[in-house]
């Protein structure tokens with residue numbers, strides 16, 4: 001056990017989050033996402049798992065150590081509901097709450113069309129598959145920076 005780290009973050013996830021650089025992205029996916037095949041195409045090349053968590057719980061744990069990019073609009077994105085791109089599913093609203101709490105302000109996720117989401121996911125640093133069973137529990141987070149102490 002380590003001090004001041006969320007115990008839901010396993011060694012593989014912590015390694016990926018630490019290895020990521022500014023602008024790199026990480027996918028948090030639900031159980032229906034083609035996580036294994038897409039993860040093989042990422043920088044890590046293997047699937048990471050947080051199987052006992054919902055998407056929001058995984059996002060909360062990840063955001064406890066991952067700064068979000070403040071320079072871009074696509075700091076966080078959600079998979080759009082097919083046929084209803086503006087609809088925010090309850091699972092996505094839960095993740096949005098975690099983002100807002102981590103940021104200390106409201107910063108809405110952008111919507112990403114399903115097939116565009118798959119393509120963006122292939123270019124991610126890594127994919128984390130959760131135990132989320134609700135549809136559209138898939139998000140992409142872009143790593144920001146931590147400013148030096150004055």
Return a yes/no flag: does the stretch 104-113 have any residue that is in contact with a strand residue (DSSP E or B) (Cβ under 8 Å, 6 or more places away or on another chain), within 26 Å of residue 18 (Cβ to Cβ) and in contact (Cβ under 8 Å) with a residue 40 or more places away in the chain.
no
For the stretch 29-79, what are the residues that are without any contact (Cβ under 8 Å) to a residue 60 or more places away in the chain, under 13 Å from the mean Cα position of the chain (by Cα) and within 15 Å of residue 16 (Cβ to Cβ)?
61, 64
Going by the conditions given, is residue 87 touching a strand residue (DSSP E or B) at 6+ places or on another chain (Cβ under 7 Å) and more than 25 Å from residue 36 (Cα to Cα)?
yes
Given the criterion in contact (Cβ under 8 Å) with a residue 60 or more places away in the chain, on the phi > 0 side of the Ramachandran plot and touching a helix residue (DSSP H, G or I) at 6+ places or on another chain (Cβ under 8 Å), identify the matching residue among 118, 136.
136
The one condition in (1) touching a residue at least 40 places away in the same chain (Cβ under 8 Å); (2) touching a helix residue (DSSP H, G or I) at 6+ places or on another chain (Cβ under 8 Å) that residue 131 fails to fulfil
(2)
For residue 96, all conditions in the list (1) farther than 23 Å from residue 135 by Cα; (2) free of Cβ contacts under 8 Å to residues at least 40 places away in the same chain hold save one; what is the number of the exception?
(1)
Would the stretch 111-120 turn up any residue that is surrounded by fewer than 16 Cβ atoms within 10 Å (Cβ to Cβ), at pLDDT below 95 and not in a helix (DSSP H, G or I)?
no
Applying the selection to the stretch 121-150, what residues are part of a loop (DSSP other than H, G, I, E, B), under 14 Å from residue 69 (Cα atoms) and at pLDDT 95 or above?
144, 145
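The values are calculated or read from the model by the stated rules, or taken from the named source; none is laboratory data. Note that this is a predicted model, so its numbers are computed, not measured. Here Cβ is always computed from backbone atoms with ideal geometry, including for glycine, and neighbour counts include all displayed protein chains.
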